[in-house]
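*Asks:* Sharing a structure, written as structure tokens. Questions coming.
Every number here is computed from the coordinates shown, using simple stated rules; none is lab data. Worth saying up front: this structure is predicted, and the values here are computed from it rather than measured. Note that we place each Cβ from the backbone using ideal geometry, even for glycine, and neighbour counts take in every protein chain shown.
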Amino acid sequence: MTIKAENIQDYITQIPEERKEPFTKLYDTLKSNLPAGLTEGMLYNMPGFYISLEDYPYGYRANKKVTPLPFINIASQKNYIALYHMGMYAHQPTYQWFVDEYPKHSKYKLDMGKSCVRFKKPDAIPFELIAELASKMSVDKWIQVYEENLAKK
């Protein structure tokens with residue numbers, strides 16, 4: 001399910017009614033706990049936070065076009081709310097910390113892909129854990145992790 005939106009508020013207005021409150025709370029949790037230096041906005045048709053090209057001109061180089069370096073996005077998908085955390089995908093210690101902590105904060109099994117955490121029960125999102133995850137990595141650390149991963153390729 002792709003929502004076409006110009007801005008975050010427009011995106012939220014298009015989310016199914018039963019997901020608006022948990023989605024907004026998740027977004028607010030991230031916004032309140034993320035480190036300084038991230039830009040808020042739409043990236044890849046999702047609300048999220050990224051390092052702007054003004055702050056990191058090298059940007060994200062996964063394809064031929066350089067784009068802002070994504071850090072964390074959220075989306076309302078067809079059957080779940082998704083949280084995409086690039087730091088967990090690229091930094092094994094952060095990933096392992098999250099996997100180990102998740103069962104302490106949720107009675108549901110962790111449903112996770114590479115950078116995607118899927119919340120099929122929006123009323124069971126572990127907001128305290130997400131707040132801690134959001135604050136776990138600084139912008140400088142994320143750039144360092146990203147560049148180290150680039151160097152390995």
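*Asks:* For the pair T39/V99, report the inter-label distance in nm, with labels modelled 7 Å from Cα in the Cβ direction.
*Replies:* 3.3 nm
*Asks:* Here is a follow-up. Can you list residues from other chains, or at least 5 along the same chain, whose modelled amide H is less than 5 Å from the amide H of L43?
*Replies:* The list, which skips near neighbours in sequence, is G48.
*Asks:* Next question, about the same structure. For every helix of n ≥ 4 consecutive DSSP H residues, a contribution of -39,500 (n - 2.57) applies; sum these over the chain, divide by its total residues, and give [θ] at 222 nm rounded to the nearest 500 deg cm²/dmol.
*Replies:* It lands at -13000 deg cm²/dmol.
*Asks:* Now for a different question. Longest span of the chain, sites excluded, free of GluC sites (Glu not before Pro) in DSSP loop with at most 10 other C-beta atoms within 10 Å?
*Replies:* 55-153
*Asks:* Order these by the 10 Å Cβ neighbour count, fewest first: L150, L129, L26, L69.
*Replies:* L150, L129, L26, L69
*Asks:* Between K65 and D10, take the C-beta separation as r, use R0 = 35 Å, and let me know the FRET efficiency to the nearest 0.05.
*Replies:* FRET efficiency, K65 to D10: 0.90.
*Asks:* Need one number for the stretch 8-152: average projected area of the convex hull over its C-alpha atoms, nm².
*Replies:* Average projection, Cα convex hull of the stretch 8-152: 8.6 nm².
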